[in-house]
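Novice: Have a look at the structure that comes next, please.
The values are calculated or read from the model by the stated rules, or taken from the named source; none is laboratory data. As the structure is a computational prediction, the values presented were derived from the model and not from experiment. Cβ sites come from the backbone with ideal geometry, for glycine too, and all protein chains shown count toward neighbours.
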Amino acid sequence: MLTYNLNERGTLTLYEYLYKCIKDDIVSGKIKTDEKLPSKRNMAKNHDISVITVENAYAQLLVEGYIRAVEKKGYFANEITNQISENQEVTENVSEYKINKPEKVKWIVDFNSNHVRYDSFPFATWSKIMRQKLLDEENSFLMTPSRNGIWELRSAIAKHLREFRGLTVLADQIIVGAGTEYLYGLIVQLLGRDSVIATENPGYRKISMVYESNGVRTIHLPMDNQGISIDELEKSDANIVHISPNHHFPTGKVMPAARRHQLLEWANMGERYIIEDDYDSEFRFSGKPIPTMASIDKNQKVIYMNTFSKTLAPSIRIAYMVLPFELMDKYTKKLDFYSSTVSSFEQYTLAEFIKGGYYERHINRMRNYYKDSRNKIITAIRNSSIYPQISIEEENSGLHFILRIKKNIDDENFKKYLKDKLINISCLTDYCYQYDDEVINEKFRKEFSHKFIINYSEVEESKMVEALKIIEQALKFTAEKDT
């Protein structure tokens, strides 16, 4: 007769503990294959528990396949092979496996961070809309949203683009997705993995990484003072070019009208497309907003993309793209099996946030906030002792500018010194791809060396005085080391 000490069950219920004891004996081989278990009544009597308790334990063992019931004969143990060694091996592997989590550094100033200031998020308005939408759209939240995004959000985005980016599109041209990386993948499937995508050099490396992970070849074309080189593009075999004409990262350059029209002419020569990443366009601090390339595209050759991660918060993973009519038809025929990757809850909330004018007011408030922050940081730099040794470039749009050091220094030594002193910074050469031609590489080094990216979206102005003193020390240290 099987006998267990039920007083050792700890926090488990009686039936859970009995189930566990019998299961462990079957797995260990103590209860042999095909061995008959005591009847429910005998097991209950032996342990002074109710028959219902035994019945529940046996029922769980039956469901999991440890025992089987034979009519008019009782319960028998099933064959469970190699469980001891397998379980031990799994346990050992799990105990040995450790994830090396990078330690979170508490920087004095982080010029690499592109996060928004968390205290700037409109929590009160956002939560108010969420609560209201829960009441108004309670049934809609439980339904599968349209594969391209709910109509309310797409129509709100279309209206926003028309009023603030000069871009007239239909809601039916818009596809909403959980982040731009997801949308890049859709573009690859839409245009084919035999496509060749040209990207800017220097440029945001993640773009090429996402495309390449989707099986597409990318080429990195050099930039001149107007943007991506049209001469190099025409010489290449690219049929798609991915650009950020309104505020390029990392150089901060804005593409002039002449180069935009040259790119549109290139796209008109066959089955070619331009992916316009409207990065950081909401934050322009002087002059009028730069028109999108899509707004001057007469031949439906531009795929426009943007995201709400920068203007609201990175955790709000809502991005969108506007497809030309021909590509939208192709998408509908080829990729209509996809489901929406953004929850209805977030979509309805954002739609109302835009339609109610809250998004416009938030952008205006953030633009003023960041303009003031930028001015204070630049003033601090100009009032510091390092100002004669540096210059500031491309500061009129976006949330970063370039700090160029006039003297010849070793960029890597300079960065390392700052990071050791808890100042996080990157230089333009960190975003440059190397070429086989060393002459071109040397030209790149001359053009982009000694230029550092100052991303100020999360910088506390009060920390700038301390940061500038450390930068001054770094300049002295690097100069002494190089001599």
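Novice: If only one of GLU276, GLU265 is of a type outside the set (S, T, N, Q), over 22 Å from GLU393 (Cα atoms), at pLDDT 95 or above and crowded, with 20+ Cβ neighbours inside 10 Å, which one is it?
Specialist: Working: GLU265 fails: crowded, with 20+ Cβ neighbours inside 10 Å.
Testing whether each residue is of a type outside the set (S, T, N, Q), over 22 Å from GLU393 (Cα atoms), at pLDDT 95 or above and crowded, with 20+ Cβ neighbours inside 10 Å leaves just GLU276.
Novice: Just checking, how many residues over region 196-239 are of a type in the set (Phe, Trp, Tyr) and over 19 Å from the mean Cα position of the chain (by Cα)? Show your work before the answer.
Specialist: First, the residues of region 196-239 that are of a type in the set (Phe, Trp, Tyr): 204, 211.
Now restrict to residues that are over 19 Å from the mean Cα position of the chain (by Cα): none.
The qualifying residues number 0.
Novice: So, one more: Taking GLN300 as the residue in question, decide whether it is over 22 Å from ILE453 (Cα atoms), modelled with pLDDT of 95 or more and assigned to a loop (DSSP other than H, G, I, E, B). If you could, list the steps in order and put the result at the bottom.
Specialist: Values: over 22 Å from ILE453 (Cα atoms): yes; modelled with pLDDT of 95 or more: yes; assigned to a loop (DSSP other than H, G, I, E, B): yes.
The answer is yes for GLN300.
Novice: Filter region 169-182 down to residues that are touching a residue at least 24 places away in the same chain (Cβ under 8 Å) and part of a helix (DSSP H, G or I), then give me how many there are. Give the derivation first.
Specialist: Start the filter on region 169-182 by keeping residues that are touching a residue at least 24 places away in the same chain (Cβ under 8 Å), which leaves 169, 172-182.
Subset that is part of a helix (DSSP H, G or I): 172-173, 180-182.
Total satisfying the criteria: 5.
Novice: Can you pull out every residue in region 56-79 that is surrounded by 14 or more Cβ atoms within 10 Å (Cβ to Cβ) and touching a residue at least 40 places away in the same chain (Cβ under 8 Å)?
Specialist: Within region 56-79, ASN56, ALA57, GLN60, LEU61, TYR66, ILE67, PHE76, ALA77, ASN78 meet the criteria.
Novice: Of the residues ILE219, ILE187, ILE197, which single one is more than 26 Å from SER343 (Cα to Cα), crowded, with 20+ Cβ neighbours inside 10 Å, in the same structural domain as PHE325 (by the TED database) and among the aliphatic types (A, V, I, L, M)? Full working, then the answer.
Specialist: Values: ILE219 fails: crowded, with 20+ Cβ neighbours inside 10 Å; ILE187 fails: more than 26 Å from SER343 (Cα to Cα).
Selected residue: ILE197, the only one of ILE219, ILE187, ILE197 that is more than 26 Å from SER343 (Cα to Cα), crowded, with 20+ Cβ neighbours inside 10 Å, in the same structural domain as PHE325 (by the TED database) and among the aliphatic types (A, V, I, L, M).
Novice: What number of residues within region 240-287 are farther than 20 Å from ASP224 by Cα and free of Cβ contacts under 8 Å to residues at least 60 places away in the same chain?
Specialist: Taking region 240-287 and keeping what is farther than 20 Å from ASP224 by Cα, we get 268-273, 280-287.
With free of Cβ contacts under 8 Å to residues at least 60 places away in the same chain added as a condition, the list becomes 268-272.
So the count comes out to 5.
Novice: Filter region 149-179 for residues that are surrounded by 15 or more Cβ atoms within 10 Å (Cβ to Cβ) and touching a Lys or Arg at 6+ places or on another chain (Cβ under 7 Å); which is farthest from LEU312 (Cα to Cα)?
Specialist: Result: ALA171.
Novice: Follow-up question, since we're still on this one. Looking at (1) within 23 Å of the chain's Cα centre (by Cα); (2) assigned by the TED database to the domain that holds ASP336, which is the one condition that is false for GLU163?
Specialist: So the condition that GLU163 fails would be (1).
Novice: For region 14-49, give me each residue that is in a helix (DSSP H, G or I) and of a type in the set (Lys, Arg).
Specialist: Within region 14-49, the first condition is being in a helix (DSSP H, G or I), and the residues that meet it are 14-28, 40-47.
Residues satisfying the conditions are LYS20, LYS23, LYS40, ARG41, LYS45.
Novice: Please work out if THR251 is among the hydroxyl-bearing types (Ser, Thr, Tyr), within 29 Å of CYS427 (Cβ to Cβ) and in contact with an Asp or Glu (Cβ under 7 Å, 6 or more places away or on another chain).
Specialist: On the way: among the hydroxyl-bearing types (Ser, Thr, Tyr): yes; within 29 Å of CYS427 (Cβ to Cβ): yes; in contact with an Asp or Glu (Cβ under 7 Å, 6 or more places away or on another chain): yes.
Taking the combined requirement at face value, the residue satisfies it.
Novice: I would also like to ask the following. Here is a check on your reading of the model: is SER385 in contact with a helix residue (DSSP H, G or I) (Cβ under 9 Å, 6 or more places away or on another chain) and farther than 30 Å from ASN246 by Cα?
Specialist: Numbers: in contact with a helix residue (DSSP H, G or I) (Cβ under 9 Å, 6 or more places away or on another chain): yes; farther than 30 Å from ASN246 by Cα: yes.
In short, yes.
Novice: Of the residues ASP237, ASP224, which single one is farther than 17 Å from TYR431 by Cβ, surrounded by fewer than 17 Cβ atoms within 10 Å (Cβ to Cβ) and in the same structural domain as ILE303 (by the TED database)? Walk me through how you get there before you give the answer.
Specialist: Values: ASP224 fails: farther than 17 Å from TYR431 by Cβ.
The conditions single out ASP237.
Listed here are the residues, each with its yes/no results for (1) modelled with pLDDT under 95; (2) part of a helix (DSSP H, G or I).
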{"residue": "LEU153", "(1), (2)": "no, yes"}
{"residue": "ALA158", "(1), (2)": "no, yes"}
{"residue": "LEU167", "(1), (2)": "no, no"}
{"residue": "TYR184", "(1), (2)": "no, yes"}
{"residue": "GLU212", "(1), (2)": "no, yes"}
{"residue": "ALA238", "(1), (2)": "no, no"}
{"residue": "ASN246", "(1), (2)": "yes, no"}
{"residue": "THR251", "(1), (2)": "yes, no"}
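Novice: Can you name every residue in region 303-334 that is at pLDDT 95 or above and among the aliphatic types (A, V, I, L, M)?
Specialist: If the condition is that a residue be at pLDDT 95 or above and among the aliphatic types (A, V, I, L, M), then ILE303, MET305, ILE318, ALA319, MET321, VAL322, LEU323, LEU327, MET328 are the ones that fit.
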